[in-house]
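The structure is given below, and queries will be raised subsequently.
The values are calculated or read from the model by the stated rules, or taken from the named source; none is laboratory data. All values derive from a computational prediction rather than experimental measurement. Note: ideal-geometry Cβ built from the backbone for every residue, glycine included; neighbour counts use all protein chains shown.
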Amino acid sequence: MSQYILIIFIIEIVVLSKIDRLIYGTIITPITILSIPYGIIVLLAIFVGPSLGFVSFNFDSLWIWIFGIFIFWLPGIFLSVLILPKTNIHKNPFLLYDNQHLDKVILKLSYIAIVILSVELLLTLKIAPIGSDNFQAAFGGGISGHTLMASRFFFIALIVKYKKKYNIPLLILLFFFISYGVKGWIFIPIISGLFVRIILRKTTLSIWFITKLLLSSFLLFYTVYRIAIGPQMPIKFVFTHFMTYIFSGPLGLSEYLKQNNEIGFDPGVIVNPLINIYNHFLGDGELYNYKNIMTNIGGDISTNTKTFFGTIYIYSGSFWGIIYTLIFGAMTYSFLIISLKTKDLIFLVIYGTFLTMLFFAWFDSYTGNLFFYEFPTFGILLYLTYNTLRKKNNPIMQHT
């Protein structure tokens, strides 16, 4: 029976990816980016995981993804029928208008962000060293935290429109991301920029490219741990933690369901940043606290990650899980369709970032992080502000 569940999962990925390919004219769609990395890691967990000391994979956990993927995909069908019929996307599905003025604005904003982050870094170093938890908490909050978010946006845009003169701001911003010390926030802007370049056909997806990406990921992973622990850190330690990072989501969900633990006990966890914003401005001011579930996945290794759909289902249950999945699917496919229709750099950056968060769906859900909501909001506000000011300063644009 177990192998049949895996076969159903694979067939679903193939069928839905094919339909998306016919609708959007590209294989780089939310469903492929969401499901294929998870599928690959599941296969590794099945065939390699036990030999590395991890628990055996529970095939029944695939049902959460089988239903989750389909529900996530449904809003895209509705939106494509509603919005896309008159859009010719099959010859050149993704195009980008060459707006050199916007490129210059983003470059200037990048340098402004660098100045702000430099000042904030020096102030933070007075209270905590790089690599410490206190540094991460201080540098990731307040002015520096919001500037880091905006700088990730600029970083992605500079990768997409890459020129040699962008090397300096890109390297400086990367230094700040690495200094912050959270692995995901290093990988997300880099991979987001690469995704947009791939869908624009500025970068070719090849075996050599994927190999370089994997090696670079391990190098960044190693760098973060070296900063946090020091030069005495053995390479075996890094490899063990890297494999734990890879397997933690699928095996965390697998083992949690195998133990028949509680389901649907705290739906607010999935959107806790929105609840905190509401409480701060309109409520009693209390921060939303939730239970951080740890699950053993082998030996003395425990994880609090349960994959994208796993986290939604475990905390929300079936009803709210379906509602949340429909909403997040609608958000992602909306940015796909807007990117196709506007051909604008700003919306491509937003879409590329949502793709990357889906790419890491095998790890956990990012919907419980303020970044998931703040990043697209910042992008939309930047788009509206830029175009409003541009039209005021250039009357010709009012008639185009």
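Could you list, in sequence order, all residues of segment 127-145 that are of a type outside the set (S, T, N, Q) and loosely packed, with under 15 Cβ neighbours inside 10 Å? Before you say what the answer is, go through the steps one by one.
First, the residues of segment 127-145 that are of a type outside the set (S, T, N, Q): 127-131, 133, 135, 137-143, 145.
I127, P129, D133, A137, G141, G142, I143 - these are the residues of segment 127-145 that are of a type outside the set (S, T, N, Q) and loosely packed, with under 15 Cβ neighbours inside 10 Å.
Also, I was wondering about something else. Of the residues K236, K306, which is within 25 Å of F187 (Cα to Cα), among the charged types (D, E, K, R) and at pLDDT 85 or above? Talk me through it step by step, then tell me what you get.
Values: K236 fails: at pLDDT 85 or above.
Result of the check over K236, K306: K306.
Right, another one. Conditions: (1) touching a residue at least 40 places away in the same chain (Cβ under 8 Å); (2) surrounded by fewer than 16 Cβ atoms within 10 Å (Cβ to Cβ). I7 meets all but one. Number of the miss?
(1)
Looking for something under 29 Å from I323 (Cα atoms), assigned to a helix (DSSP H, G or I) and without any contact (Cβ under 8 Å) to a residue 24 or more places away in the chain - is there at least one such residue anywhere in segment 95-113?
no
Follow-up. For segment 131-164, what are the residues that are touching a residue at least 24 places away in the same chain (Cβ under 8 Å) and of a type in the set (K, R)?
Scanning segment 131-164 gives R152, K161.
From F218, F265, which residue is aromatic (F, W, Y), modelled with pLDDT under 75 and farther than 22 Å from N134 by Cα? Let's see the steps before the verdict.
Working: F265 fails: modelled with pLDDT under 75.
Step by step, each of F218, F265 is checked, and only F218 is aromatic (F, W, Y), modelled with pLDDT under 75 and farther than 22 Å from N134 by Cα.
Next up: Quick test for you: out of I8, I69, pick the one residue that is at pLDDT 95 or above, over 21 Å from the mean Cα position of the chain (by Cα) and of a type in the set (A, V, I, L, M). Walk me through how you get there before you give the answer.
Numbers: I69 fails: over 21 Å from the mean Cα position of the chain (by Cα).
Matching residue, one of I8, I69: I8.
Do we have N279 as touching a Gly at 6+ places or on another chain (Cβ under 7 Å), surrounded by fewer than 16 Cβ atoms within 10 Å (Cβ to Cβ) and either part of a helix (DSSP H, G or I) or small (G, A, S) (or both) here? Outline the logic, then answer.
Values: touching a Gly at 6+ places or on another chain (Cβ under 7 Å): yes; surrounded by fewer than 16 Cβ atoms within 10 Å (Cβ to Cβ): yes; either part of a helix (DSSP H, G or I) or small (G, A, S) (or both): yes.
Yes; evaluated as a whole, the condition is true for this residue.
Another question, then. Among the residues of segment 16-68, write down those that are within 15 Å of S248 (Cα to Cα), outside any helix (DSSP H, G or I) and not small (G, A, S).
Listed by number, the residues that qualify are V48, F54, V55, F57, N58.
Same structure, new question: If the requirement is being free of Cβ contacts under 8 Å to residues at least 24 places away in the same chain, under 19 Å from F247 (Cα atoms) and surrounded by 15 or more Cβ atoms within 10 Å (Cβ to Cβ), which of these qualifies: I41, I36, I27, I64? Before the answer, list the steps.
On the way: I41 fails: free of Cβ contacts under 8 Å to residues at least 24 places away in the same chain; I27 fails: under 19 Å from F247 (Cα atoms); I64 fails: free of Cβ contacts under 8 Å to residues at least 24 places away in the same chain.
None of the other options fit; the residue is I36.
Only one of I323, I337, I346 is hydrophobic (A, V, I, L, M, F, W, C), free of Cβ contacts under 8 Å to residues at least 40 places away in the same chain and assigned to a helix (DSSP H, G or I). Can you tell me which? Talk me through it step by step, then tell me what you get.
Values: I337 fails: free of Cβ contacts under 8 Å to residues at least 40 places away in the same chain; I346 fails: free of Cβ contacts under 8 Å to residues at least 40 places away in the same chain.
Going through I323, I337, I346 in turn, the sole match is I323.
Might you let me know whether segment 168-182 holds any residue that is of a type outside the set (D, E), modelled with pLDDT of 90 or more and in a loop (DSSP other than H, G, I, E, B)?
Checking segment 168-182: not a single residue is of a type outside the set (D, E), modelled with pLDDT of 90 or more and in a loop (DSSP other than H, G, I, E, B).
Test of understanding: among Y256, Y245, which residue is surrounded by fewer than 18 Cβ atoms within 10 Å (Cβ to Cβ) and under 22 Å from N58 (Cα atoms)?
Sole residue among the options that is surrounded by fewer than 18 Cβ atoms within 10 Å (Cβ to Cβ) and under 22 Å from N58 (Cα atoms): Y245.
Looking only at segment 128-135, decide whether some residue is touching a Leu at 6+ places or on another chain (Cβ under 9 Å), farther than 27 Å from K163 by Cβ and part of a helix (DSSP H, G or I). Full working, then the answer.
Within segment 128-135, the subset touching a Leu at 6+ places or on another chain (Cβ under 9 Å) is 130, 135.
Among the residues that remain, those that are also farther than 27 Å from K163 by Cβ are: 130, 135.
Subset that is part of a helix (DSSP H, G or I): 135.
Within segment 128-135 (the criterion being touching a Leu at 6+ places or on another chain (Cβ under 9 Å), farther than 27 Å from K163 by Cβ and part of a helix (DSSP H, G or I)), the answer is yes, since at least one residue qualifies.
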